[in-house]
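Read the structure below first, then the notes.
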Amino acid sequence: LKVTVTEVPVPVSYGPAFEGERVRKDDVYLECGGGKTPCFELVRIADMDQVEDGKVEVIGPDIKDVEPGSRLPLGVIVEVAGRKMQEDYEPILERQIHHLVNYAQGVMHIGQRDIAWYRIGKSAVEKGFTMEHIGKILHAKFHQDFGAIFDKCQVKIYTDEAKVKELLPVAQQMYRTRDERIEGMTDETTEIYYSCTLCQSFAPTHVCVVSPERTGLCGAYNWLDCKASYEINPTGPNQPIAKGETLDARYGNWKGVNEFVERASRGAVSSYNFYSVVYDPMTTCGCCECIAAVLPMCNGVMTVNREYMGMTPCGMKFTTLAGTIGGGNVTPGFVGHSKYNITQRKFIAGDGGLKRLVWMPKMLKEEIRERLIKRGEEIGIPNFIDMIATEEQGVTEDEILPFLQEVGHPALEMEPILG
Ligand code: SF4
Ligand code: ZN
């Protein structure tokens, strides 16, 4: 039954050399996601008899049906089956889609989950690349890299708008369920954190260290996912780290973590804090879901998600922020984080925690509404969610400050954020 696939059946060159390559606007044949169309990717476990190994279906228009420069919605669903396959492994396979698709020359992939962004370049289309090849790549590489944990895999590629819209909430519910698996754990209850260095091909000094209360900034890897990934691949990008002596409990700084980060960043980063955006925050890479920034005048912090295209009170849009701080450095005052992390109890805890949050885009607030309300109750401010300004109140510090004063935002009463 074991299938061995030795090469990737695509009409373009394929390999890590093409991973960092961009497809510029003028060279785009087809674009999916990136905030312009709905787009998601999902790996899910299926029963053996439901999966026909190697089958790739494109449901909806393919390259041949659209003009150069087109946009389509996209849903990529990979179904895997096998005796050793577990639900815990789904996110790990899913997170590989990013670099596996990027390996194709002339194809660009950014992000993950429901913020994925695909660009298929004209050069790739000229060589005969179609949507079906995305499925061929995933089938071949999943067998090559993860053949030990599953037996069969099939791929469904939806470009039909109605279908994508129907399946997107299903995928989003699965992301939520995965996120919440970590809910009961705290950083104090484990001596072991996990590294993630998957993004070093783009950001060579970037090292995520994932603790129960600090999920990876891409939002796709939490502590349990990293643990499962290490089980599958003990020499892979997710290594256990004994956190060692606590050097600073408030900001979240551990001797063992620092030593690991220094080695893994090849000396570029010798120490960082888990719970601060102000002081030596974690390194940030380009695939973060959100970026937090200090707003000195408001004595608080804002955060912005990738899908929000507008201006923000720190004076930069998301793209500019990501371009500035996403290269794998520690940038005091700015930090990348996942959406889920906003409502984790250790979110910028060293800087005062959630109470510091003074601005976020309305769409992000709505997306995490339920959890935000729950956290507001936990911190003793049940209407906290309504105190956070959005673009409706303004997109500069000057514009939002009067609102914060009017609602009595707690950040205004806290110790100065820049000590
Ligand atoms: Fe791993 Fe961090 Fe990259 Fe996510 S952002 S894949 S956790 S290195
Ligand atoms: Zn990254």
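The values are calculated or read from the model by the stated rules, or taken from the named source; none is laboratory data. Given the structure is predicted, the values throughout are model-derived calculations rather than measurements. Positions of Cβ are backbone-derived with ideal geometry, glycine not excepted, and every protein chain shown enters the neighbour counts. Side chains included, ligands, DNA and RNA excluded: accessible areas come from the protein's heavy atoms. Shrake-Rupley method; radii C 1.70, N 1.55, O 1.52, S 1.80 Å.
Testing ARG345 on (1) farther than 23 Å from PHE40 by Cβ; (2) open to solvent by 40 Å² or more (accessible area, probe 1.4 Å); (3) in a helix (DSSP H, G or I), one condition comes back false. Which one is that?
Every listed condition holds for ARG345 apart from (3).
For region 316-323, indicate whether the set of residues that are part of a loop (DSSP other than H, G, I, E, B), within 16 Å of ligand 1 (Cβ to nearest atom) and open to solvent by 30 Å² or more (accessible area, probe 1.4 Å) is non-empty.
No, region 316-323 contains no residue that is part of a loop (DSSP other than H, G, I, E, B), within 16 Å of ligand 1 (Cβ to nearest atom) and open to solvent by 30 Å² or more (accessible area, probe 1.4 Å).
State which residue is nearest to ligand 1 (Cβ to nearest atom) when the search covers only region 167-184 and only residues that are touching a strand residue (DSSP E or B) at 6+ places or on another chain (Cβ under 9 Å) and not β-branched (Val, Ile, Thr).
My answer is TYR175.
Please tell me if GLU132 is in a loop (DSSP other than H, G, I, E, B) and not β-branched (Val, Ile, Thr).
The answer is no for GLU132.
Scan region 273-293 residue by residue and report those that are farther than 17 Å from ARG345 by Cα and more than 13 Å from ligand 1 (Cβ to nearest atom).
Listed by number, the residues that qualify are VAL278, TYR279, ASP280, ALA293.
Could you figure out which of (1) open to solvent by 40 Å² or more (accessible area, probe 1.4 Å); (2) outside any helix (DSSP H, G or I); (3) among the β-branched types (Val, Ile, Thr) isn't true of ILE373?
Only one criterion is unmet by ILE373, namely (2).
Inspect region 90-102 for any residue being farther than 24 Å from THR197 by Cα and assigned by TED's automatic domain parsing to the domain that holds ARG71 and give the result as yes or no.
no
Need the failing condition index for THR331 against (1) at negative phi; (2) open to solvent by 50 Å² or more (accessible area, probe 1.4 Å); (3) in a loop (DSSP other than H, G, I, E, B), just the number.
Of (1) at negative phi; (2) open to solvent by 50 Å² or more (accessible area, probe 1.4 Å); (3) in a loop (DSSP other than H, G, I, E, B), only one is false for THR331: (2).
Looking only at region 158-190, how many residues end up being modelled with pLDDT under 95 and small (Gly, Ala, Ser)?
Of the residues in that region, 1 qualify.
Name the pairs whose Cβ atoms lie under 8 Å apart, with the first residue in region 183-211 and open to solvent by 30 Å² or more (accessible area, probe 1.4 Å) and away from ligand 2 (no atom under 13 Å from the Cβ), the second of a type outside the set (S, T, N, Q) and in a loop (DSSP other than H, G, I, E, B), and 6 or more positions between them or separate chains?
MET185/PRO212; MET185/GLU213; THR186/PRO212; THR186/GLU213; THR186/ARG345; THR189/PRO212; GLU191/LYS243; ILE192/LYS243
State whether one or more residues within region 213-222 are out of contact with any strand residue (DSSP E or B) (no Cβ under 6 Å at 6 or more places or on another chain) and β-branched (Val, Ile, Thr).
yes
Would you be able to say whether some residue in region 210-221 is over 24 Å from GLU19 (Cβ atoms), touching a helix residue (DSSP H, G or I) at 6+ places or on another chain (Cβ under 9 Å) and within 11 Å of ligand 1 (Cβ to nearest atom)?
Taking region 210-221 and keeping what is over 24 Å from GLU19 (Cβ atoms), we get 211-214.
Filter again for touching a helix residue (DSSP H, G or I) at 6+ places or on another chain (Cβ under 9 Å), leaving 211-214.
When the remaining residues are screened for being within 11 Å of ligand 1 (Cβ to nearest atom), the result is 214.
Yes, region 210-221 contains a residue that is over 24 Å from GLU19 (Cβ atoms), touching a helix residue (DSSP H, G or I) at 6+ places or on another chain (Cβ under 9 Å) and within 11 Å of ligand 1 (Cβ to nearest atom).
Can ALA140 be described as more than 16 Å from ligand 1 (Cβ to nearest atom) and closer than 27 Å to LEU72 by Cβ?
yes
Within the bounds of region 160-180, is there any residue that is in a loop (DSSP other than H, G, I, E, B) and buried (at least 20 other Cβ atoms within 10 Å of the Cβ)?
Kept after step one, since they are in a loop (DSSP other than H, G, I, E, B), are these residues of region 160-180: 160.
When the remaining residues are screened for being buried (at least 20 other Cβ atoms within 10 Å of the Cβ), the result is none.
Checking region 160-180: not a single residue is in a loop (DSSP other than H, G, I, E, B) and buried (at least 20 other Cβ atoms within 10 Å of the Cβ).
Any residue in region 219-245 that is over 22 Å from HIS337 (Cα atoms) sitting within a Cβ distance under 6 Å of a residue that is assigned to a loop (DSSP other than H, G, I, E, B) and of a type in the set (Val, Ile, Thr)? List the pairs, counting only those 6 or more apart or interchain.
ILE232/ILE149
Take the residues in region 15-39 that are among the hydrophobic types (A, V, I, L, M, F, W, C) and out of contact with any Lys or Arg (no Cβ under 9 Å at 6 or more places or on another chain), then tell me which one is farthest from ALA140 (Cα to Cα).
Per the criteria, the residue is CYS39.
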